[in-house]
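This report refers to the structure that appears directly beneath it.
The values are calculated or read from the model by the stated rules, or taken from the named source; none is laboratory data. Keep in mind the model is a prediction, meaning the values are calculated, not measured. We place every Cβ from the backbone using ideal geometry, glycine too, and count neighbours over all the protein chains shown. With ligands, DNA and RNA removed, areas are computed over all heavy atoms of the protein, side chains included. Shrake-Rupley method; radii C 1.70, N 1.55, O 1.52, S 1.80 Å.
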Amino acid sequence: MDLSPGLQKAAFFLIVVVLAALGYYLVVPALTHNHNHNHAAGTSTPGTGASAQPATASAPPPVVTTSPAVAEGVDIYAWLPFTQQDLADAASVTTQFGVDYDTYTYTESPSAYVTTMGGLVTGELAATLRSAYATPGVTALRTSEKQVSTGTAVIDSLRAFGPSSMTFIITAGQRLVSAKGTTSGSTQYAVTVTGSGTSWQVSDIELESAGNT
């Protein structure tokens, strides 16, 4: 499907809104639940004597049930070569890959490192990652310092898309524990997934600044 430049910009904007809403849906309810639980534990109940004034309850904010993608009756997925579920599935694969990419230990072999990614990556990318992990200098440093890394990943945006591919920009976090101490850092990557429906695999990863469109 070929979209005009104007429609492409509109589609990208609305997709970013959908991704933001998806992140809000996944993260905020859990945080709100914990906050409300802790707040309730430390809240005292006002007295009910004759001099006590009834509290004035404010009306709760309205619950918005309209999907950002279908606001005012406009379904942006009718303009795009993938469905809302396709986008969610591709994003899930991308995020899990980002976590696995920066999660490793000096005791595991290159094959074991790639195996943890299961079916998340294509065979070609798996071979590339295995080779990079086995680079002599990198392996020697990882072993001598007894490095153990834990990764995290958050999707920042959708850079490009087509009928069977999407490129996400992610921020991959890394907590590295070694003989030299503990350090933390993050790097932005452009991660491309290919496939359709529920079958998506990561086919490429580059530094965000390197392109990968």
Inter-probe distance in nm under a simple model that places probes 7 Å from Cα toward Cβ, at Ser111 and Ala127: 1.6
Net charge of Cβ neighbours under 12 Å - reference Val191; Lys, Arg +1; Asp, Glu -1: -4
Mean separation of Cα contacts under 8 Å (6+ apart) over length of the range 105-213, as relative contact order %: 23
Mean projected area (nm²) of the alpha-carbon convex hull when the range 134-197 is viewed from all directions: 5.8
Per residue, in Å², the accessible surface of the range 118-213 once ligands and nucleic acids are set aside, probe 1.4 Å: 50
Accessible area (Å², 1.4 Å probe, nearest 10) - Glu206: 80
